[in-house]
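The values are calculated or read from the model by the stated rules, or taken from the named source; none is laboratory data. Bear in mind that the values here come from a model prediction, so they are computed numbers and not experimental data. We place every Cβ from the backbone using ideal geometry, glycine too, and count neighbours over all the protein chains shown. In case anyone asks, the SASA skips ligands and DNA or RNA and just uses the protein heavy atoms, side chains included. Shrake-Rupley method; radii C 1.70, N 1.55, O 1.52, S 1.80 Å.
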Amino acid sequence: MALFDLPFDELREHRSASVAPEDFDAFWSKTLQEAREHDLDARFEPVDTGLSTVDVYDVTFAGFGGHPVKGWLRLPAGATGPLPLIVEFIGYGGGRGLAHENLLWPSTGRAHFVMDTRGQGSAWGGGGGTADPVGGAPAFPGFMTRGIDAPENYYYRRVYTDAVRAIEAARSHPLTDAGRTVALGASQGGGITIAVGGLVPDLVAVAPDVPFLCDFPRAVSLTDRHPYREIALFLKTHRGRSADVQRTLSYFDGVHFAARGRAPALFSAALEDQTCPPSTVFSAFNAWAHEDKTIEVYDFNDHEGGGPYHEAAQLSWLRTYA
């Protein structure tokens, strides 16, 4: 696929037309307050993986509504002191995988916490094990329209809340250093990272890679690739619902969380990315409030973005912060 979005010079200046609801901050403050009424109840059970360089813990904590959410905590084997903490969120349809997977970050000497995404973990990778016990209004198959009838019911209200609680759970372990916490993830994980960056005030850095869930108005009208296409297909059936749907999505748009970002950030975008079009990524990057921000651009890549090249960029960049 050749370049299909805005020219690069225009991407550098592009701003979203999405408008944050007046009660955006109040909505999220109330949501997190309600979640924190439930005991976090973070439990860390050691797992016998056969690995000699990494210790792995099977984690369960209380997310949105007090619902149990799974995760893995991976530590360098034999670690004895508080470690810089990487909290990672997963791409659309994936789950936390198996205990022995995803060893890059603990191999750097950091603690690494991976959150399972509720209701997902069945499309690729090693799977997941976190249910989503909340029902919703009729929705097109997938997750993008679940509960889209109202912000209070929307699926990503639960996921973003789980993500904030995941950071709290990871920080509660005695071998993690709460003061050196980084959030990162790719695609959906990148979108969740941006949300967390706007909701958690004391992260030391965030690294959203080819992030999803940004600039909904442009994304839904620009690309016909899933998952954004789920929203268009819903509206194809539910004629006349566009304004209501856009209102719901405005509470979950990465652009508005980015405007509240309070940590240094490393973004990435791929200029042939039809899943998360580069203009939607630049919408969030250009809105990111912290002045210490940079974006890696991969000119001839689709949604795979920089792959191992971007991992190398992250490894170098994070030395400054954690």
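Worth pointing out:
- Note on the stretch 97-139: residues that are surrounded by fewer than 14 Cβ atoms within 10 Å (Cβ to Cβ) and part of a helix (DSSP H, G or I) amount to 1.
- Single residue of the stretch 27-57 satisfying the filter (farther than 26 Å from Arg74 by Cβ and either in contact with a strand residue (DSSP E or B) (Cβ under 9 Å, 6 or more places away or on another chain) or among the hydroxyl-bearing types (Ser, Thr, Tyr) (or both)) that is most open to solvent (accessible area, probe 1.4 Å): Ser29
- Every residue from the stretch 188-222 that is more than 17 Å from Pro264 (Cβ to Cβ) and open to solvent by 10 Å² or more (accessible area, probe 1.4 Å): Pro217, Arg218, Val220, Ser221, Leu222
- The set of residues from the stretch 12-26 being part of a loop (DSSP other than H, G, I, E, B) and either within 13 Å of Phe282 (Cβ to Cβ) or open to solvent by 60 Å² or more (accessible area, probe 1.4 Å) (or both) comprises Arg12, Glu13, His14, Arg15, Ser16, Ala17, Val19, Glu22, Asp23.
- When we screen Leu249, Leu315 for residues that are part of a helix (DSSP H, G or I) and within 21 Å of Phe24 (Cα to Cα), the only hit is Leu249.
- Scanning the stretch 87-96 for residues that are within 18 Å of Gly307 (Cα to Cα), open to solvent by less than 10 Å² (accessible area, probe 1.4 Å) and of a type in the set (A, V, I, L, M, F, W, C) gives a single hit, Phe89.
- Close Cβ contacts (under 6 Å, 6 or more residues apart or on different chains) running from residues in the stretch 199-225 that are aromatic (Phe, Trp, Tyr) to residues that are part of a loop (DSSP other than H, G, I, E, B) comprise Phe212/Ser187; Phe212/Cys276; Phe216/Asp253.
- Selection of the stretch 52-87 for residues being touching a Leu at 6+ places or on another chain (Cβ under 9 Å) and part of a loop (DSSP other than H, G, I, E, B) yields Thr53, Ala77, Ala79, Thr80, Gly81, Pro82.
- In the stretch 100-137, the residue that is farthest from Ala42 (Cα to Cα) out of those that are among the β-branched types (Val, Ile, Thr) and within 18 Å of the chain's Cα centre (by Cα) is Thr117.
- Residue match in the stretch 279-294 (condition: at negative phi and without any contact (Cβ under 8 Å) to a residue 24 or more places away in the chain): yes
- Sole exception among (1) under 28 Å from Glu304 (Cβ atoms); (2) surrounded by fewer than 24 Cβ atoms within 10 Å (Cβ to Cβ); (3) touching a Leu at 6+ places or on another chain (Cβ under 7 Å); (4) hydrophobic (A, V, I, L, M, F, W, C) for Leu175, by number: (1)
- Condition met for Arg74 (over 28 Å from Thr248 (Cα atoms), among the basic types (Lys, Arg) and open to solvent by 60 Å² or more (accessible area, probe 1.4 Å)): no
- When each of Val297, Val281, Val255 is tested for being among the aliphatic types (A, V, I, L, M), in a helix (DSSP H, G or I) and either open to solvent by 10 Å² or more (accessible area, probe 1.4 Å) or modelled with pLDDT under 95 (or both), the lone residue that passes is Val255.
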